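What follows is a single structure, written as structure tokens, with notes after it.
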Amino acid sequence: MIVCSCNNINDRKIREAHEAGARKTKDVFKHCGTKPQCGTCIRYMQADLNKLTDDMQKAED
Ligand code: FES
């Protein structure tokens, strides 16, 4: 599913960025070699990152 339509960033790319250490949206854009444009996706992208971090921490417990 596309999360950032301006930069064609989907949930798979966000997961890859998270696995590479991204915890903030700016890290995802950097990982993808892009920059935020309209900003509409920021809230959703950060929610995705937070969920991935929560899931990772639960898996470690
Ligand atoms: S939808 Fe992500 S910057 Fe526009």
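What the table shows:
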{"read-out": "Neighbour-count order for MET56, MET45, fewest beta carbons within 10 angstrom listed first", "value": "MET56, MET45"}
{"read-out": "18 Å Cα cut-off, lysine pairs counted over the chain (separation 8 or more, or different chains)", "value": "9"}
{"read-out": "Charge-dipole axis of the chain as Lys and Arg at +1 and Asp and Glu at -1 on Cβ define it, positive-most pick from THR40, ALA17, ALA59", "value": "THR40"}
{"read-out": "Å³ per residue enclosed by the Cα convex hull of the chain", "value": "67"}
{"read-out": "Partnerless Cys - the chain, beta-carbon criterion under 4.7 Å", "value": "CYS6, CYS32, CYS38"}
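Every read-out reported here was derived from the displayed coordinates using simple, explicitly stated rules and does not represent laboratory data. Keep in mind it's a predicted model, so treat the numbers as computed, not measured. Note: ideal-geometry Cβ built from the backbone for every residue, glycine included; neighbour counts use all protein chains shown.
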